[in-house]
Amino acid sequence: MPIPPAAPASPVSVTASATKSLASLMPADWRKALAAEVKSPSFAALDTFLQKEEATSKVFPPRSQIFAAMKATPLADAKVVIIGQDPYPTAGNANGLSFSVNKGMKLPGSLRNIFTGLSKDTGLPAPKTGDLTPWAERGVLLLNTVLTVSEGKPNSHKGKGWEQLTEAALKKVNEQPGPVVFLCFGAQAKDMAERLVDKSKHTIIAEPHPSPLNGNKFVEAVAKDHIFTRTNELLTAGGRGAIDWSLPG
């Protein structure tokens, strides 16, 4: 007798990580700090939305990397915050850290401008790798406002519930004794920090967005204001220790 064809696997069963809830993927210290948000209806709705998106399209980064920023930078260790918007919508780029890309990927224009500014400020050679994990592990919280995106659709997960969670996360950083330096690239990041950060404890440094659409405004501003050097001066004065901004060449 002919063997009947196997039933096709459902989209959810193909990837085991897709069955894990968002809450279970968040590191314990952040999950405890954000317990109220994690238990909220908006977070449950966000998880449901993501599972539906994952069943019909590619979502970046994969679930295992959605909370990469929190995993690499424990709440108590956050010394610097760099606020991004949403992950890169191109396959292979997003790795859960704002502005960062996976090793071996071509540097996006915004990241090239950040590296050029870093070099002009500090004298460090411009890195060739776009993976900012070493920064995150040294205390730089690289947090996007929206933590996921559908392939080829920038801002497609905006307004789905991520903003409530990431604002709550920034409030928890603000509650830390500090000092913490918030590096805000662009008006959106600056406006968020201005609303959430206690400037009597922490420092906000705002610059233009590093997008190539802004021309050389970001690079010129960083070279003039020495934001990476200034950040280290503020951290050292506050007894927290400077950030090693170097990355593999």
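Tabulated data
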item	result
Only listed residue being in a loop (DSSP other than H, G, I, E, B) and hydroxyl-bearing (S, T, Y), chosen from S119, S98	S98
Filter result for F43 (modelled with pLDDT of 95 or more, at positive phi and either in a helix (DSSP H, G or I) or in contact with a strand residue (DSSP E or B) (Cβ under 8 Å, 6 or more places away or on another chain) (or both))	no
The one condition in (1) touching a residue at least 12 places away in the same chain (Cβ under 8 Å); (2) surrounded by fewer than 19 Cβ atoms within 10 Å (Cβ to Cβ) that K52 fails to fulfil	(1)
Number of the condition not met by K172 [criteria: (1) in contact (Cβ under 8 Å) with a residue 40 or more places away in the chain; (2) farther than 21 Å from L97 by Cα; (3) among the basic types (K, R)]	(2)
Residue in the range 114-147 that is nearest to V219 (Cα to Cα), counting only those that are among the hydroxyl-bearing types (S, T, Y) and touching a Pro at 6+ places or on another chain (Cβ under 7 Å)	S119
Residues within the range 212-232 that are of a type outside the set (V, I, T) and in contact with a helix residue (DSSP H, G or I) (Cβ under 6 Å, 6 or more places away or on another chain), tallied	5
Check on V173, more than 19 Å from K79 (Cβ to Cβ) and either at pLDDT 95 or above or in a loop (DSSP other than H, G, I, E, B) (or both)	no
Any hit, the range 6-25, residues being modelled with pLDDT of 95 or more, outside any helix (DSSP H, G or I) and either of a type in the set (D, E, K, R) or surrounded by 14 or more Cβ atoms within 10 Å (Cβ to Cβ) (or both)	no
Matching residues, the range 215-231, being in contact (Cβ under 8 Å) with a residue 12 or more places away in the chain and assigned to a helix (DSSP H, G or I)	F218, V219, A221, V222, A223, D225, I227, F228, T229, R230, T231
Filter result for I82 (closer than 30 Å to E53 by Cα and surrounded by 17 or more Cβ atoms within 10 Å (Cβ to Cβ))	yes
Filter result (among the hydroxyl-bearing types (S, T, Y) and more than 11 Å from L247 (Cβ to Cβ)) within the range 93-118	S98, S110, T116
Identity of the residue in the range 122-163, within 18 Å of the chain's Cα centre (by Cα), in a loop (DSSP other than H, G, I, E, B) and of a type in the set (A, V, I, L, M), that ends up surrounded by the fewest Cβ atoms within 10 Å (Cβ to Cβ)	V146
Test: A169 is within 26 Å of N113 (Cα to Cα), crowded, with 18+ Cβ neighbours inside 10 Å, in contact with a strand residue (DSSP E or B) (Cβ under 8 Å, 6 or more places away or on another chain) and not charged (D, E, K, R)	no
Near pairs, Cβ below 6 angstrom, 6+ apart or cross-chain, from the range 181-197 (closer than 18 Å to A221 by Cα) to any residue that is among the polar types (S, T, N, Q) and surrounded by 22 or more Cβ atoms within 10 Å (Cβ to Cβ)	V181/T231
Where F182 falls short, out of the listed (1) under 21 Å from I243 (Cβ atoms); (2) at pLDDT below 95	(2)
Any hit, the range 146-158, residues being without any contact (Cβ under 8 Å) to a residue 24 or more places away in the chain and of a type outside the set (V, I, T)	no
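The values are calculated or read from the model by the stated rules, or taken from the named source; none is laboratory data. The shown structure was predicted, so the numbers you read here are calculated from the model rather than taken from an experiment. Counting neighbours? That spans all protein chains shown, and the Cβs are built from the backbone with ideal geometry, glycine included.
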